[in-house]
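The next block holds one structure in the form of structure tokens; read it before the comments.
The values are calculated or read from the model by the stated rules, or taken from the named source; none is laboratory data. Remember, it's a predicted structure, so these values are computed and weren't measured experimentally. Note that we place each Cβ from the backbone using ideal geometry, even for glycine, and neighbour counts take in every protein chain shown. Side chains are part of the model used for accessible areas, which takes the heavy atoms of the whole protein and leaves out ligands, DNA and RNA. Shrake-Rupley method; radii C 1.70, N 1.55, O 1.52, S 1.80 Å.
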Amino acid sequence: MRKGIYPGSFDPITNGHLDVLARAARLFDELVVAVARDNQKASLFTMEERVAMIEASAREMGLENVRVTLFSGLLVEFAKQEQACAVVRGLRAISDFEFEFQMALMNRKLDPQVETIFLTPREELTYISSRIVKEIARLGGDISAFVPDSVAKALRKKLG
């Protein structure tokens, strides 16, 4: 069975993330969406809320081979524990590439058995980021084109 890992903070998950998720799910028998416990970002949503939003979105998309879980520590150790052959990373722009390339090389050095696969979302989704979506929502803007309805509702509730 070919298993992939799609790690991230997903605070919150966006349509860009979901496009990459759907593309990756077609490549593997099982895709594990791994929500990072140890990210150094100040998160708006709790880890449990993020897991629930991702699970609901994957169900709505009919992605039956997707499992969502929390992880902490080194990604390559988590991949080894899950017996995954690859890590999936989304690239939106050239600015993402430098950081992601560096991380891929470091992960390869730590465990040469784990490959990194870069996927890009549809071009009309490349400008979307969780940070920007949260800012638009915080300022009262319409985020319906950027996140699923359930995530938009959760953002409005969280932000008041």
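Figures for the structure shown
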| read-out | value |
| --- | --- |
| Pairs, first among the polar types (S, T, N, Q) in segment 1-30, second in a strand (DSSP E or B) and open to solvent by less than 10 Å² (accessible area, probe 1.4 Å), C-beta under 8 Å, six or more apart | SER9/VAL35 |
| Of all residues in segment 15-34 being under 20 Å from MET103 (Cβ atoms), out of contact with any Pro (no Cβ under 7 Å at 6 or more places or on another chain) and not hydrophobic (A, V, I, L, M, F, W, C), the one that is least open to solvent (accessible area, probe 1.4 Å) | HIS17 |
| Conditions (1) closer than 23 Å to GLU124 by Cα; (2) over 17 Å from the mean Cα position of the chain (by Cα): number failed by LEU110 | (1) |
| Hits in segment 137-148 - residues which are part of a helix (DSSP H, G or I) and closer than 12 Å to PRO12 by Cβ | ALA137 |
| Candidates ALA104, ALA86 - the one that is modelled with pLDDT of 95 or more, in contact with an Asp or Glu (Cβ under 6 Å, 6 or more places away or on another chain), open to solvent by less than 30 Å² (accessible area, probe 1.4 Å) and not hydroxyl-bearing (Ser, Thr, Tyr) | ALA86 |
| Criterion: open to solvent by 70 Å² or more (accessible area, probe 1.4 Å) and either of a type in the set (D, E, K, R) or at negative phi (or both) - qualifying residue of SER95, SER144, SER129 | SER95 |
| Residues of segment 38-90 that turn out to be under 30 Å from ARG156 (Cα atoms), basic (Lys, Arg) and in contact (Cβ under 8 Å) with a residue 24 or more places away in the chain, as a count | 4 |
